[in-house]
Structures are given as structure tokens and as C-alpha cells.
Amino acid sequence: MAEIDVDNFRKWLSKKYESKDTVQYRINNCKRVAEYEGSLETHFQTEEGKGLMKRLTASIHDTTHHHKVPIKGDHRNGTATLKSAVKLYFEFLRSTKKK
């Protein structure tokens, strides 16, 4: 299973969100995407994650999966949730890259 930098991501997210549950949900979403799509760091390094973000974009008319992550329930909403979490992870990587 591909990993993410959980400890540092948690610290970074905790500055954005007061709710520990929200922080944990975002981490879990990123871990799930990494499990099926591969290392988020690799996606970020090769193309700043643009390909993955495109696959995690579902329009109202999409009926097919463009990503490998299984979704139970509403595909569009589930995909949007995953995309939102990955977007945060990429923001985290950008912020740590500048240091």
C-alpha cells in the first residue's frame, strides 16, 4: 500500500481545521487514493498531480470511473470528496517544498 506523510500532513491540516474528525477524514481519503492510484508524492513530483486531479474530476454527466478507487454510493460526490482531500495533500506538499 502506498503511504502518505501522515504525521506532517496531520499537523498541517490541524492548522486549517479545528475538528480532529475532519482532519482524520482527509487523511483517510488520501490514504485510500494512494492505495489505488499509487504514491501521491510521485504523482505530485511527475506532473504536480495534474493527471490524477483530472481523473478525480467527475462531471454531472459522467457515468464511468476515470480513477481506480472503488466508490460505494454516488460516484460524483465520492469522487469530489477524494479530489478535495488530494488537493489538500498537494497544497501540503507545495508548502513543504518551499521550505
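Among the residues making up the stretch 57-85, those that are modelled with pLDDT under 90 and either among the aliphatic types (A, V, I, L, M) or closer than 19 Å to G38 by Cβ (or both) are A58, I60, H65, H66. Residues that are loosely packed, with under 15 Cβ neighbours inside 10 Å and touching a His at 6+ places or on another chain (Cβ under 8 Å) within the stretch 34-51 comprise Y36, G51, listed in sequence order.
From the list K31, K15, K54, K11, the one residue that fits, being under 13 Å from the mean Cα position of the chain (by Cα), exposed (fewer than 13 other Cβ atoms within 10 Å of the Cβ) and modelled with pLDDT of 90 or more, is K54.
The values are calculated or read from the model by the stated rules, or taken from the named source; none is laboratory data. What you see is a predicted model; the values in this text were computed from it and never measured. Cβ coordinates were reconstructed from backbone atoms using ideal geometry, including for glycine residues, and neighbour counts include every protein chain displayed.
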